[in-house]
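The values are calculated or read from the model by the stated rules, or taken from the named source; none is laboratory data. Predicted, not measured: the structure shown is a model, and the values here were computed from it. In this analysis, Cβ positions are derived from the backbone assuming ideal geometry, glycine residues included, and neighbour counts consider all displayed protein chains.
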Amino acid sequence: MKVLSHSHMKMPRMLSHVVTYAPEEPEHDTAIEDINKEAFGPGRFTRAAYRIREGGPHDRSLSFVATSGGHVVGSVRLTPILIGQTKAMLLGPLAVRPAWKKQGIGAALMRTSMEAARRANHKLVILVGDEPYYAPFGFRRIEGHQIVMPAPVEPSRFLACELVPHALKEVQGRVRHASVA
Ligand SMILES: CC(C)(COP(=O)(O)OP(=O)(O)OC[C@H]1O[C@@H](n2cnc3c(N)ncnc32)[C@H](O)[C@@H]1OP(=O)(O)O)[C@@H](O)C(=O)NCCC(=O)NCCS
């Protein structure tokens, strides 16, 4: 009897730490904007990736939130793009609330979105970010390709993941949102 009441008392505390992953919904937009503001600050609007995302919507079915106790604690988005005439996806922003960092939430969001992209038969995902963080998810520097971003990007931070072998081969051209001609 004592044991039962003890475990019962502990349950709400345990549940408050449970993190759930789900496809993004419009109701998450405000919280996601707050998280990205907190993670990237006002400078985020001038970044090359943001300029591409301005061109049209991200794909909500491949964008995921991490929630705990009904609150969004992390987010990752994937946006359809064209590189020249080649279809690809742009990953980002990826952000986790400071208090929730270093618990594997960023990695779980990465795995979930990349697996969803694979299932949706996408062939190539690019991003601008830290290679040491993204390398374990299959991202490598884009080197020796004539891929033009809409704003300058540090070459060491311009990364791609081929979801099918050689997807990056022969790809060249201007990167823009898939809805932009
Ligand atoms: C990057 C970010 C999404 C990682 O989220 P997270 O939930 O803390 O990530 P995980 O718990 O899955 O992984 C944390 C691990 O990645 C490492 N890591 C975090 N940022 C890193 C980076 N820029 N480069 C290399 N490793 C990094 C941590 O040191 C940690 O390693 P450890 O577990 O060996 O200590 C989060 O730190 C964040 O929101 N940062 C601010 C926004 C940002 O920079 N987003 C990425 C755009 S490039």
Single residue of the stretch 107-128 satisfying the filter (within 8 Å of the ligand (Cβ to nearest atom) and without any contact (Cβ under 8 Å) to a residue 60 or more places away in the chain) that is farthest from Pro155 (Cα to Cα): Ala107
Selection status of His17, modelled with pLDDT under 95 and surrounded by 10 or more Cβ atoms within 10 Å (Cβ to Cβ): yes
Options Pro93, Pro57; residue that is in contact with a strand residue (DSSP E or B) (Cβ under 7 Å, 6 or more places away or on another chain), surrounded by 12 or more Cβ atoms within 10 Å (Cβ to Cβ) and either modelled with pLDDT of 95 or more or not in a strand (DSSP E or B) (or both): Pro93
Residues being touching a residue at least 60 places away in the same chain (Cβ under 8 Å) and in a helix (DSSP H, G or I) - total across the stretch 34-51: 6
The stretch 74-106, subset within 9 Å of the ligand (Cβ to nearest atom) and of a type in the set (A, V, I, L, M, F, W, C), residue farthest from Met149 (Cα to Cα): Trp100
Odd one out for Ala116, checked against (1) closer than 18 Å to Val180 by Cβ; (2) surrounded by fewer than 20 Cβ atoms within 10 Å (Cβ to Cβ): (1)
Lys169 vs. criteria near the ligand (Cβ under 9 Å from one of its atoms), surrounded by fewer than 21 Cβ atoms within 10 Å (Cβ to Cβ) and outside any helix (DSSP H, G or I): no
Any hit, the stretch 137-145, residues being aromatic (Phe, Trp, Tyr), closer than 21 Å to Ala39 by Cα, surrounded by 15 or more Cβ atoms within 10 Å (Cβ to Cβ) and in contact with a strand residue (DSSP E or B) (Cβ under 6 Å, 6 or more places away or on another chain): no
Test result for Arg111, charged (D, E, K, R), part of a helix (DSSP H, G or I) and surrounded by fewer than 20 Cβ atoms within 10 Å (Cβ to Cβ): yes
Some residue of the stretch 129-141 being away from the ligand (no atom under 16 Å from the Cβ) and either more than 16 Å from Gly92 (Cβ to Cβ) or modelled with pLDDT of 95 or more (or both): no
